[in-house]
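Novice: One structure coming up, written as structure tokens, with questions to follow.
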Amino acid sequence: MTCCSHLFRKIRSSSATRFAGTDIDISELHNVKIYTYKELRIATTGFSLANKIGQGGFGSVYKGKLRDGCLVAIKVLSAESKQGVQEFLTEIKVISSIEHENLVKLYGCCVENNHRILVYGYLENNSLAQTLLGHSNIKFSWDVRHNICVGVARGLAFLHGEVQPHIIHRDIKASNVLLDTDLRPKISDFGLAKLISPNLTHISTRVAGTAGYVAPEYAIRNQVTRKSDIYSFGVLLLEIVSGRPNTNRRLPVKEQYLLTRAWDLYEKGELKTLVDSFLEEDFSVEEAVKFCKIGLLCTQDSPQLRPSMSTVLKMLIGEKDVNEDHIIKPGLIFEFVDANDLEDKRCKGEVKSTCTSLLANSRKQDDSSSSKTSFATMCFTAICDRTN
């Protein structure tokens, strides 16, 4: 970025850094700006609490001002987490090699001594979790929501189809969609991202992500595909249209899960009831309902039935019709927890524990909704559910 034309040191091809008992090999990182710890400390006034704008799973996020006046978001990762080292390197490798208007821009990093820090452009309007699903003075008209949905879809379609090898984000959610001054969406937090070659059907990996957004087949079989991201996007799409988080245990039992609520209303032909009541009258209810139907298409139980991200984008912008004949009941993780026939489904023994763990994390999020802590590694403030 032109506003960040300060001095930096290039990473040497043979360099490596010792961090908390772990060797960080940064030899594969290219064209990345290196900041000194001193200049980032000055930028954040000593990483003061006044400049702290978020707390994530791997550390804290601070607002900073560089010497040239450029505002940045400085993500400081915890020194104790060995797991965080890999996420740190993954995020740099993924985001430094690509650029898109709907992806966050990485300015550089700091790997001095035992510090590992990522520096991003500062986005004034925080995340969807804080603004749309939380409490803010921002007016989210239908046009704004439409553009956010389309923008996120464009970013994902770019990751899934235009980048080689393709990129699976693995943690698409409201707190990882940041908004700039004009409320344009930027997908953030690539610490869990996986690269997948076109000839591969899936990648077997440990389950990662956030409860409520994780596709059932990923939670059960530890197999992640681009269709896993599409499931997460479908949940996000419903959240944006409805203005409520995917899980809210303060609501009546039948309404706690957004996906089940959407499906019930769809079966009754009453999907318009799901549309956020905060929206004013001058918008297309038909288009909002169409977006809900696309969300249901994206969250179908079978990954093969979910459309590709490029197809989703075409449906959102009206270049392709939504085929309702293909909409079936969405896949829901909590149903696996409550089911009594897990053995009959030939699921592994750890399925229940995995799903239970995801739900437990979800409950922790619900219980902590009024705190100053968020659960995303690039989320700026807490999720405060506005639903009464």
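The values are calculated or read from the model by the stated rules, or taken from the named source; none is laboratory data. Small disclaimer: the values here were computed from a predicted structure and weren't measured. Heads up, the Cβs are rebuilt from the backbone with ideal geometry, glycines too, and the neighbour counts pull from every protein chain shown.
Novice: Looking at (1) at pLDDT below 95; (2) not in a strand (DSSP E or B), which is the only condition residue 195 fails?
Specialist: (2)
Novice: Suppose the filter is crowded, with 16+ Cβ neighbours inside 10 Å and modelled with pLDDT of 95 or more; does residue 303 pass it?
Specialist: Answer is no for this residue.
Novice: Right, here's the next one. Do we have residue 150 as under 16 Å from the mean Cα position of the chain (by Cα), assigned to a helix (DSSP H, G or I), modelled with pLDDT of 95 or more and of a type outside the set (Asp, Glu) here?
Specialist: yes
Novice: I've got another one for you. Among the residues of the range 250-265, count how many are surrounded by 14 or more Cβ atoms within 10 Å (Cβ to Cβ) and more than 22 Å from residue 150 (Cβ to Cβ).
Specialist: 9
Novice: If you don't mind, another one. In the range 160-170, what residues are assigned to a helix (DSSP H, G or I) and either without any contact (Cβ under 8 Å) to a residue 24 or more places away in the chain or surrounded by 24 or more Cβ atoms within 10 Å (Cβ to Cβ) (or both)?
Specialist: Scanning the range 160-170 gives a single hit, 162.
Novice: Do you know which residues across the range 241-261 are touching an Asp or Glu at 6+ places or on another chain (Cβ under 8 Å) and closer than 15 Å to residue 173 by Cα?
Specialist: Within the range 241-261, 241, 242, 243, 244, 245, 246, 247, 258 meet the criteria.
Novice: Here is a follow-up. Scan the helices (runs of 4 or more DSSP H) fully inside the range 209-286 and keep the ones with 3 or more residues being within 30 Å of residue 87 (Cα to Cα).
Specialist: 216-221, 226-242
Novice: Inside the range 223-257, can you point out the residues that are aliphatic (A, V, I, L, M), at pLDDT below 95 and within 23 Å of residue 135 (Cβ to Cβ)?
Specialist: Residue satisfying the conditions is 251 alone.
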